[in-house]
1. Might you check whether a residue that is exposed (fewer than 13 other Cβ atoms within 10 Å of the Cβ), within 19 Å of residue 3 (Cβ to Cβ) and not assigned by TED's automatic domain parsing to the domain that holds residue 389 occurs anywhere in segment 153-164?
2. Among the numbered criteria (1) within 16 Å of the ligand (Cβ to nearest atom); (2) open to solvent by 10 Å² or more (accessible area, probe 1.4 Å); (3) not assigned by TED's automatic domain parsing to the domain that holds residue 262, which single criterion is violated by residue 340?
3. Please enumerate the residues belonging to segment 126-167 that are of a type in the set (A, V, I, L, M), under 30 Å from residue 107 (Cα atoms) and in contact with a His (Cβ under 7 Å, 6 or more places away or on another chain).
4. Being of a type in the set (A, V, I, L, M, F, W, C) and free of Cβ contacts under 8 Å to residues at least 12 places away in the same chain is the filter here; which residues of segment 272-301 pass it?
5. When you scan segment 300-315, do you find a residue that is hydrophobic (A, V, I, L, M, F, W, C) and touching a strand residue (DSSP E or B) at 6+ places or on another chain (Cβ under 6 Å), even just one?
6. Could you name every one of the strands (runs of 3 or more DSSP E) located completely within segment 112-218 that has at least 3 residues being in contact (Cβ under 8 Å) with a residue 40 or more places away in the chain and either over 22 Å from the mean Cα position of the chain (by Cα) or more than 16 Å from the ligand (Cβ to nearest atom) (or both)?
Amino acid sequence: MRVTLYGAARTVTGSAYLVETASARVLVDFGMMQGHDNHDGANVVPPELNLTSLDAVLLTHGHLDHCGRLPLLTKAGYRGPVYATPATIELTSLVLHDAAKVQAQDLARVNRRRMRAGLDPIEVLYTTEDVDETIPLLRGVDYNKPIPVASGITARWVEAGHILGSASIELTLEENGRRHVAIFSGDIGHLGSPVVRDPERFCGADSIFMESTYGDRNHRSLSETLEETRFVINSALKRRGKILVPSFAIGRTQTLIYHLSALFRSGALPRFPIYLDSPMAEEATRLYLRHVELFDEEAMELHRTGQLERDFSAVRLCRTAEESMALNNLDGPLMILAGSGMCTGGRILHHLRHNLWRPETHVLIVGFQAEGTLGRQLVDGRKKVHIFGEEIVVRASIHTLNGFSAHAGQSELVEWLSCAAHLRPRLFLTHGEPKAQEALAGLIKERYDLGAEIPEYGVPVEL
Ligand SMILES: [Zn+2]
């Protein structure tokens with residue numbers, strides 16, 4: 001039996017693990033590589049993956065970097081099952097439809113430019129029609145109920161505490177009388193994050209494929225983050241500028257609205273208008289409110305009193321492109337939450353183009369920014385950036401607030417292993433940049449005397 005990574009190997013995006021035994025082939029996640037142009041070939045499926053011969057596909061959660069390449073399966077002719085929790089199925093449908101739309105828009109612009117330069121147009125990775133063919137393959141699974149997914153392979157989904165419906169997946173593999181338990185952590189949530197439950201740990205495994213996004217740093221505590229947020233927002237309010245928040249539509253947006261509403265209610269912040277400029281985030285929020293059964297206790301209580309719904313409905317929604325553009329003519333102070341979360345596309349780009357050059361603008365970075373993205377350039381303090389081919393000078397204040405992360409920080413990752421580490425599993429670090437992976441490997445060695453391997457793209461690991 002063996003596992004091969006076709007993404008998220010020594011990098012953060014594009015999660016895809018091919019698991020092969022003598023009798024079955026299954027894929028865990030099939031995410032989009034981000035931080036590239038969608039049309040630069042990074043997301044083209046390598047022939048070795050041989051998608052039509054897969055027996056099943058299993059999803060950890062509905063973020064684009066974990067489910068974004070699924071329509072390539074149906075395009076290639078795969079018609080087998082794709083297993084996921086019910087909330088993940090709904091989120092995946094939302095995310096893939098949005099991704100198809102964004103690609104079509106982006107490519108229309110790119111192709112206009114290519115035609116002017118005398119070059120052939122390029123094709124989108126997939127269309128809305130491809131997505132429509134993919135969604136019916138998705139099948140719901142319950143948490144903690146092992147199910148057979150292929151010959152000799154049983155899978156169990158366990159709460160990962162990252163976003164609604166997120167899971168780690170435990171696979172029990174059988175081959176020629178040999179049994180092997182492999183865990184795929186998915187994205188591990190941040191303890192104490194609002195709304196979703198905390199991640200569960202595992203106490204037995206032969207091998208663990210573990211994410212390492214924040215392997216080299218800890219987040220600030222929630223109370224420090226809220227204090228920092230209050231400070232930054234108060235100074236932005238004084239300058240009457242716009243506060244731009246590139247925000248993942250799923251998870252981060254709901255977390256932010258939850259915290260800001262609490263700060264308003266307690267009087268820690270004066271109320272100011274918050275615009276949610278993302279039809280996808282609006283839809284995701286509605287989806288969250290349909291799955292209160294997955295909430296943690298605090299959020300459930302707020303839901304019972306109706307406060308949660310009141311908080312979310314106080315946010316102003318921009319549904320159309322015209323409503324989005326109309327924000328340009330409004331004076332601050334106001335906050336705009338818009339995608340994409342790493343500034344790789346979407347409406348946030350228009351707001352950044354209009355406002356980055358203004359010294360009264362504040363940008364709050366609330367999520368991980370992968371290498372190569374515009375968000376990362378802002379975090380790294382670039383003084384000039386390019387948006388839609390135009391050079392924009394950065395005079396806005398850029399603030400990074402990692403405490404809102406939906407990912408476990410370094411010590412939480414180490415802690416997540418605390419029970420399983422004693423059984424000496426083979427540990428593979430994935431879904432992280434090399435610097436983060438090396439730091440995390442060092443700490444795990446120190447704490448548990450357990451070595452970690454860091455697999456490479458396309459190089460099989462024998463189990
Ligand atoms: Zn995720």
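The values are calculated or read from the model by the stated rules, or taken from the named source; none is laboratory data. Since this is a predicted model, take the numbers as computed values, not measurements. Neighbour counts run over all protein chains shown; Cβ positions are idealised from the backbone, glycine included. Note: areas computed on protein heavy atoms with side chains; ligands, DNA, RNA excluded. Shrake-Rupley method; radii C 1.70, N 1.55, O 1.52, S 1.80 Å.
1. no
2. (3)
3. Within segment 126-167, 131, 163 qualify.
4. Within segment 272-301, 292, 300 meet the criteria.
5. Among the residues of segment 300-315, at least one is hydrophobic (A, V, I, L, M, F, W, C) and touching a strand residue (DSSP E or B) at 6+ places or on another chain (Cβ under 6 Å), which makes the answer yes.
6. In segment 112-218, 138-140, 147-150, 167-175, 178-184 are the strands (runs of 3 or more DSSP E) which contain 3 or more residues that are in contact (Cβ under 8 Å) with a residue 40 or more places away in the chain and either over 22 Å from the mean Cα position of the chain (by Cα) or more than 16 Å from the ligand (Cβ to nearest atom) (or both).
Here is a yes/no grid of residues against (1) open to solvent by less than 40 Å² (accessible area, probe 1.4 Å); (2) within 16 Å of the ligand (Cβ to nearest atom):
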position: 394; (1), (2): yes, no
position: 407; (1), (2): yes, yes
position: 415; (1), (2): no, no
position: 444; (1), (2): yes, no
position: 450; (1), (2): yes, no
position: 453; (1), (2): no, no
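Here is a yes/no grid of residues against (1) within 23 Å of residue 189 (Cβ to Cβ); (2) in the same structural domain as residue 387 (by TED's automatic domain parsing); (3) within 14 Å of the ligand (Cβ to nearest atom); (4) under 20 Å from the mean Cα position of the chain (by Cα):
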| site | (1), (2), (3), (4) |
| --- | --- |
| 17 | yes, no, no, yes |
| 53 | no, no, no, no |
| 67 | yes, no, yes, yes |
| 70 | yes, no, no, yes |
| 76 | no, no, no, no |
| 80 | no, no, no, no |
| 85 | yes, no, yes, yes |
